[in-house]
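Everything below concerns the one structure shown next.
The values are calculated or read from the model by the stated rules, or taken from the named source; none is laboratory data. Owing to the predicted nature of the structure, the values given are computational and were not obtained by experimental measurement. Heads up, the Cβs are rebuilt from the backbone with ideal geometry, glycines too, and the neighbour counts pull from every protein chain shown. To get the accessible areas, we keep the full protein, side chains included, count just its heavy atoms, and leave off ligands, DNA and RNA. Shrake-Rupley method; radii C 1.70, N 1.55, O 1.52, S 1.80 Å.
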Amino acid sequence: QVQLVESGGGLVQPGGSLRLSCLASGRAFSDYVIGWFPQAPGKERDLIAMISWDGDSTYYSDPVKGRFTASRDNTKNMAYLQMNSLIPEDTAIYSCAADILGTAHTWDEYDYWGRGTPVTVST
């Protein structure tokens, strides 16, 4: 069993930055891939960023490529999502999720999920 807890969300102006954190417990952190999923009202919960077990491989969806950076520190059981150049369309509740096999692409395919932290981008 894996427990995931996100933090770091908040209110930020357009063009600003936030760093989200995902603290994991319950299993060796290096055993799983971490994905990040925003949930905005009326929108699908699509994968926007993913980082591999050792941090050497990442994936970003087109809307966040060049603005967001995923990282992890396996010694601290922590994953991070650095969000720069934020725009109002980034407003959502952001959740991290863990994938044991490294084959998941959608929210439902991941094995464990956090509850999320809210991000609001507004003036």
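Taking the inverse of the mean reciprocal distance over all distinct Cα pairs, the Kirkwood hydrodynamic radius of region 1-88 comes to 13.6 Å. What does the accessible area of Asp31 come to, in Å² to the nearest 10, when a probe of 1.4 Å is used? Roll a 1.4 Å probe over it and Asp31 shows about 60 Å².
Please go through region 42-123 and write out the GluC sites (Glu not before Pro) that DSSP classes as loop and that have at most 16 other C-beta atoms within 10 Å.
Here the sparse-neighbourhood loop sites are Glu44.
Computed from the Cβ-Cβ distance with R0 of 30 Å, the FRET efficiency linking Asp62 to Asp31 stands at 0.55. For the pair Thr69 and Trp107, label points projected 7 Å from Cα toward Cβ lie 2.8 nm apart. Taking 0.36 nm per residue of separation and subtracting the current Cα-Cα distance, fully stretching the chain between Thr123 and Leu23 would add 33.1 nm.
Compute the whole-percent fraction of alpha carbon pairs in region 83-123 spaced more than 11 Å apart. Result: 68 percent of Cα pairs exceed 11 Å.
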